Amino acid sequence: MKRLWLVAGACLAPILLAVALIGSRQAPEDEGDTGMAEQGELSQPIQFPHDTHAGQWLIDCQYCHFSAERSVDAGIPPVATCIGCHREGAISGRNNPAEVLKVREYHDSGTPIPWRRIYKVSDHVNFPHFRHVAAGVECQTCHGEVQEMGVLTEMDPAAGNLKMGWCVSCHLERGASRDCTVCHY
Ligand code: HEC
Ligand code: HEC
Ligand code: HEC
Ligand code: HEC
Ligand code: HEC
């Protein structure tokens, strides 16, 4: 028992330090997010509907989030992926053509779309998407029924809160590692 605590203590010290440093650095960023969220549907630069793409038109999650199965990040698709379908003369979006015009403007001016990030863990946490995809954990388990959602503005509270207890309880349930060092740098 004593040895376990020594090990936990040795893991904890650098982490606490990292948390303290990161905590002070991230505060202003969080306030910015809250400000944006109050603008409701304007919180994303383009009103991109997941339900239309992944629900109605059945485009696979990984057609756009193509790095999920091979890298730590699932990734947000570049505007080039959108233009494949939305270039001039192709799909102009019956329900919201003004938003599709914006996609073309970003593409023509070579500007990346400044999507606002929704799911994010602290910098001291390692979350590898590919390990979860390989183990057969569905996107929906952690992100909810995205194919039924319109414009994403916030985390799905029913799916998970991204806190340590949430990660660890699933790892316990599915027999995945609970070593401090697999999740913490
Ligand atoms: C046609 C491309 C496309 C498809 C298909 C797609 N997505 Fe996305 N996804 C995006 C774009 C663009 C964003 C960034 C804008 C936003 O947050 O809505 C995004 C954002 C997300 C986010 C939020 C990321 C963050 O933290 O900011 C999640 C979670 C997500 N997608 C999951 C899914 C899942 C699950 C599916 C399949 C059911 C899916 N996506 C299908 C393009 C796509
Ligand atoms: C594989 C083809 C495909 C890709 C890739 C794709 N879309 Fe679409 N998009 C569609 C279809 C189909 C529609 C619905 C068209 C309609 O109903 O007229 C649509 C509609 C839209 C609309 C209008 C909303 C609506 O309901 O009419 C927006 C905005 C949009 N897409 C943005 C994007 C963005 C941003 C990306 C890149 C992240 C993207 N699309 C990638 C096929 C695609
Ligand atoms: C076990 C839970 C879990 C599963 C399964 C999962 N995600 Fe995630 N996702 C997360 C967490 C946690 C984050 C935040 C990661 C970070 O900040 O490094 C995230 C972030 C994202 C993001 C934001 C951008 C990025 O690259 O991190 C997108 C997009 C996303 N997930 C899409 C998906 C898609 C698509 C799938 C299915 C192929 C999927 N996720 C499966 C938990 C999960
Ligand atoms: C819904 C279940 C679930 C949730 C939630 C979950 N994980 Fe996992 N995780 C798994 C499974 C299953 C594996 C794969 C284990 C394997 O490959 O043997 C895994 C593997 C991992 C690995 C690789 C472990 C190793 O042995 O190298 C890391 C790191 C990890 N998860 C971090 C996280 C973090 C951080 C969170 C929370 C932000 C999280 N996970 C949330 C189910 C989950
Ligand atoms: C399965 C992944 C996982 C494992 C295993 C894990 N952690 Fe964490 N830990 C997290 C996540 C996720 C957070 C929350 C980060 C955030 O809020 O963004 C966190 C946060 C923390 C924090 C900051 C305080 C807090 O609660 O936010 C400390 C300290 C910490 N972990 C220590 C440990 C120690 C010590 C161990 C081993 C006994 C451990 N962790 C094992 C994922 C994990």
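Sort out for me the helices (runs of 4 or more DSSP H) sitting completely within the range 77-150 that have 3 or more residues that are farther than 30 Å from residue 177 by Cα and hydrophobic (A, V, I, L, M, F, W, C).
Where helices (runs of 4 or more DSSP H) fall fully within the range 77-150 and carry at least 3 residues being farther than 30 Å from residue 177 by Cα and hydrophobic (A, V, I, L, M, F, W, C), they are 79-86, 97-108.
Under the condition of being surrounded by 15 or more Cβ atoms within 10 Å (Cβ to Cβ) and more than 9 Å from ligand 3 (Cβ to nearest atom), which residue from the range 112-130 is nearest to residue 162 (Cα to Cα)?
124
May I ask you to list the residues in the range 155-185 that are under 24 Å from residue 50 (Cβ atoms) and away from ligand 3 (no atom under 13 Å from the Cβ)?
Listed by number, the residues that qualify are 157, 158.
Of the residues in the range 53-73, how many are free of Cβ contacts under 8 Å to residues at least 24 places away in the same chain and acidic (Asp, Glu)?
Here the count works out to 1.
Could we say that residue 99 is modelled with pLDDT under 95 and among the charged types (D, E, K, R) here?
So residue 99 fails the test.
If you check residue 138 against the conditions, is it modelled with pLDDT of 95 or more, within 9 Å of ligand 3 (Cβ to nearest atom) and of a type in the set (Asp, Glu)?
yes
For the range 74-82, indicate whether the set of residues that are more than 10 Å from ligand 1 (Cβ to nearest atom), surrounded by 13 or more Cβ atoms within 10 Å (Cβ to Cβ) and not hydroxyl-bearing (Ser, Thr, Tyr) is non-empty.
no
Give me a count of the residues in the range 139-149 that are surrounded by fewer than 17 Cβ atoms within 10 Å (Cβ to Cβ) and either more than 16 Å from ligand 2 (Cβ to nearest atom) or without any contact (Cβ under 8 Å) to a residue 24 or more places away in the chain (or both).
3
Which condition number in (1) loosely packed, with under 13 Cβ neighbours inside 10 Å; (2) over 24 Å from residue 134 (Cβ atoms) is the one that residue 100 fails?
Failing condition for residue 100: (1).
So that you can scan it fast, the table gives a plain yes or no per residue for (1) touching a residue at least 40 places away in the same chain (Cβ under 8 Å); (2) within 16 Å of ligand 5 (Cβ to nearest atom):
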position: 75; (1), (2): no, no
position: 85; (1), (2): no, no
position: 91; (1), (2): no, no
position: 96; (1), (2): yes, no
position: 110; (1), (2): no, no
position: 118; (1), (2): no, yes
position: 121; (1), (2): yes, yes
position: 137; (1), (2): no, yes
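For the range 161-185, what are the residues that are within 19 Å of residue 138 (Cα to Cα), part of a loop (DSSP other than H, G, I, E, B) and either touching a Cys at 6+ places or on another chain (Cβ under 8 Å) or of a type outside the set (Lys, Arg) (or both)?
Hits for the range 161-185 are 161, 162, 175, 176, 177.
From the residues in the range 39-97 that are in contact with a His (Cβ under 9 Å, 6 or more places away or on another chain) and on the phi > 0 side of the Ramachandran plot, which one is nearest to ligand 2 (Cβ to nearest atom)?
Ranking the candidates gives 93 first.
The values are calculated or read from the model by the stated rules, or taken from the named source; none is laboratory data. Because the structure is a prediction, the values reported are computed rather than measured. Note that we place each Cβ from the backbone using ideal geometry, even for glycine, and neighbour counts take in every protein chain shown.
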